[in-house]
Amino acid sequence: MHKFLYLLGAAFLVAILSLFAAESVFAANKKEVSSQPVYERVMKDRTLRCGYFNYAPYVMRDPNTGKLSGSFYDLTEKLAQVMNLKVEWTQETTFSTYIEDMRTGRYDVMCGGFWPIGNMADMAYTDPVFFVPYYVYVRADDHRFDKNVALLNNPQYKFATIDGETSSIVKSEDFPNAKSVSLPNVSDVSQILLEVSSKRADATTAEPIVADLFLKNNPGTLRAIHTNEPVRVFDTVSTVSAGEQKLANWLNNGVRQMLFSGFVEPIVEKYHGKGTFLPVAKPYR
């Protein structure tokens, strides 16, 4: 009996020591990977690990098959082809976690299409592949702001936003005095349009493709206020961590090749439709 207990204790001790050894090796490997610049790892492995938002029509995940599609999915795959890379679509992320996900090495590049914003100090960006206009949307029968959209900047009006999303930035900069009808950052972008159509808000701001998709299911409910210029124009890019500017610069070689070869516009038009985006002008024109 004593011999059996001795052998059992010895086996338990060996198991514990083996577990600690495995953890030490894992920690060492994790440290080694995290300390290696992403650029060097990509050049060595010829593999680009991508994060993305499930955000139509940029990247869309089929809920039944898990298959990805969309404008930035196709553009990233084309970029990989041009740069002789393999793409791994590593992780779907959210507006609230994508920076931390990238910082902790869950993926190398945010490949889902992104608009640079001035306060994003932890980010570095590739060159834009196209531009996106933003318009103010109101109910179809509401003409109060047609001649002067700045009238919305008044506490008597309600402006629908999503926390941390572009609508909240436009609202805070252009319409700070309007009341916020704020939705959590996990909300689908179509929800702010629904807030307006259901009369819980007077206005919001969105890109045309998002509004067009909403209007397919809710025809005749909303319209854009078209003034001389959109309220915003955003350059659509891929994103890397701030310390990986070398990687962004290298990827830009492929971006320029795609633009000059005419690959970009047909891909974007396929998913976004005409009139919903602004192409990058060729520098030699």
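The values are calculated or read from the model by the stated rules, or taken from the named source; none is laboratory data. The model shown is predicted, which means the values in this text are computed figures rather than measured ones. When we count neighbours, we look across all protein chains shown, and the Cβ atoms used for this are built from the backbone with ideal geometry, even at glycine. Accessible surface areas use protein heavy atoms only, side chains included; no ligands, DNA or RNA. Shrake-Rupley method; radii C 1.70, N 1.55, O 1.52, S 1.80 Å.
Backbone geometry of the stretch 237-243 corresponds, through the Karplus equation with coefficients 6.51, -1.76 and 1.60 at θ = phi - 60°, to 3J(HN,Hα) couplings of 9, 9, 10, 10, 5, 4, x Hz, x marking Gly and Pro. Here's the list of lysines a cross-link from residue 179 could span, going by alpha-carbon distance under 27 Å and ignoring same-chain residues fewer than 8 apart: 147, 158, 171, 199.
Distance between the 7 Å Cα→Cβ label points at residue 156 and residue 212: 3.6 nm.
At 1.4 Å probe size, with every protein chain present, just tell me what the per residue accessible area of the stretch 128-170 comes to in Å². Each step should come with its number before you reach the end.
On the way: 1760 Å² over 43 residues.
Per-residue accessible area for the stretch 128-170 comes out at 41 Å².
Count the net charge of all other residues whose Cβ sits under 13 Å from the Cβ of residue 191, scoring Lys and Arg as +1 and Asp and Glu as -1.
-3
Convex hull of alpha carbon positions in the stretch 150-224: directionally averaged projected area 4.5 nm². Near residue 204, the amide H atoms lying under 5 Å from its own belong to 137, 160; only residues 5 or more places off or on other chains count, and H is placed 1.01 Å from N.
Secondary-structure-derived ellipticity at 222 nm for the chain, considering helices only, amounts to -12500 deg cm²/dmol, per-run term -39500 (n - 2.57) for DSSP H runs with n ≥ 4. For the stretch 73-84, the Karplus equation 6.51 cos²θ - 1.76 cosθ + 1.60, evaluated at θ = phi - 60°, returns couplings of 5, 5, 5, 5, 5, 5, 4, 4, 5, 5, 8, 6 Hz by residue, with Gly and Pro reported as x.
For the stretch 221-285, with every protein chain kept in place, what is the accessible area per residue (1.4 Å probe, Å²)?
On the way: 3520 Å² over 65 residues.
With all protein chains present, the stretch 221-285 gives 54 Å² per residue.
By a 1.4 Å probe calculation restricted to protein chains, residue 214 has an accessible surface near 20 Å², given to the nearest 10. Once all protein chains are placed together, residue 213 keeps about 60 Å² accessible to a 1.4 angstrom probe.
The portion of the accessible surface of the chain made up by carbon and sulfur, rounded to a whole percent, is 55 (1.4 Å probe; DNA, RNA and ligands excluded). Largest mean-square fluctuation among 150, 206, 248, in a Gaussian network model of the chain whose springs join Cα atoms under 10 Å apart, belongs to 150. Scalar couplings 3J(HN,Hα) for the stretch 63-69, obtained by applying the Karplus form with A = 6.51, B = -1.76, C = 1.60 to θ = phi - 60°, are x, 8, 9, x, 5, 9, 7 Hz; x denotes Gly and Pro.
Across the stretch 180-285, Cα-Cα distances exceeding 24 Å account for 43% of all pairs. Using 0.36 nm per residue and subtracting the Cα-Cα separation, the extra length available between residue 36 and residue 228 on full extension is 64.3 nm. Less than 5 angstrom separates the built amide H of residue 222 from those of 140, all sequence-distant by 5 or more or on a different chain. In a simple Cβ point-charge model (Lys, Arg +1; Asp, Glu -1; nothing else charged), the chain has a dipole of about 280 debye relative to its Cα centre. Once backbone amide H atoms are built at 1.01 Å from N, residue 87 has 48 as its partners under 5 Å, excluding neighbours fewer than 5 places away on the same chain. Of all lysines in the structure, those lying under 16 Å Cα to Cα from residue 78, and not within fewer than 8 positions of it along the same chain, are 86, 270.
Binning the alpha carbon pair distances of the stretch 119-174 at 10 angstrom intervals from zero yields the distribution 16, 44, 26, 14, 1, expressed in whole percent.
For the chain, count the residues as N, evaluate 2.2 N^0.38 Å, and divide the Cα radius of gyration by that value, please. Let's see the in-between values first.
Details: Rg = 24.0 Å, N = 285, 2.2 N^0.38 = 18.8 Å.
The reported ratio for this selection is 1.27.
Give the residues of the stretch 46-90 whose amide nitrogen is closer than 19 Å to a point set 7 Å from the Cα of residue 256 in the direction of its Cβ. In the stretch 46-90, the label zone of residue 256 (backbone N under 19 Å from the point 7 Å along Cα→Cβ) covers 79-85. Each Lys or Arg adds one and each Asp or Glu subtracts one; over the other residues with Cβ under 10 Å from the Cβ of residue 259, this totals 0.
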